[in-house]
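**Q** Take this structure first; my questions come after.
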């Protein structure tokens, strides 16, 4: 147990399965069974258990949103008003549910939340920032940075062997 967290015990097969899912969420159970020389039933049981204990939360599709017309990505740094900070988790969930939000991070330091947005234009971004952040009664400060480019870390996983490469 670390810092009050109940960390589940995983064996080498569990970690190997999770690693492959990070690298390729579309991999089939039969391909995993062949890859690790176990039965498909074993793979099914392990994946179900990993979901049940909350280690494997979801699968994600990597979509090029620019090709769908979402040409503007932005990061919004939010500082909540002092009286709103005691409800940080609620604010994180609230901002995560907004239509253009891709992700929300809780930060330490002077900024409470970092929100990643995708928009079709800078005009739409400006409207969203004004309506959703500047006019929010719990937001004391919001600063917007436009992201010109980005790369997801998972796109580079082929250079790593497994989770142990991340633990060193």
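**Q** Filter region 74-92 down to the residues that are free of Cβ contacts under 8 Å to residues at least 24 places away in the same chain and within 23 Å of residue 152 (Cβ to Cβ) and list them by number.
**A** 92
**Q** Does any residue of region 137-154 turn out to be in a helix (DSSP H, G or I), at pLDDT below 95 and farther than 18 Å from residue 98 by Cβ?
**A** yes
**Q** Residues in region 73-99 that are touching a helix residue (DSSP H, G or I) at 6+ places or on another chain (Cβ under 7 Å) and surrounded by fewer than 15 Cβ atoms within 10 Å (Cβ to Cβ): how many?
**A** Matching residues across region 73-99 total 1.
**Q** Condition first: within 21 Å of residue 68 (Cα to Cα), without any contact (Cβ under 8 Å) to a residue 40 or more places away in the chain and under 14 Å from the mean Cα position of the chain (by Cα). Now tell me which residues in region 98-121 satisfy that.
**A** Once the filter is applied, which keeps residues that are within 21 Å of residue 68 (Cα to Cα), without any contact (Cβ under 8 Å) to a residue 40 or more places away in the chain and under 14 Å from the mean Cα position of the chain (by Cα), region 98-121 yields 101, 102, 103.
**Q** A follow-up question, please. Please work out if residue 75 is touching a strand residue (DSSP E or B) at 6+ places or on another chain (Cβ under 7 Å), assigned by TED's automatic domain parsing to the domain that holds residue 123 and in a helix (DSSP H, G or I).
**A** The answer is no for residue 75.
The values are calculated or read from the model by the stated rules, or taken from the named source; none is laboratory data. No experiment lies behind these values; they were computed from the predicted model shown. Heads up, the Cβs are rebuilt from the backbone with ideal geometry, glycines too, and the neighbour counts pull from every protein chain shown.
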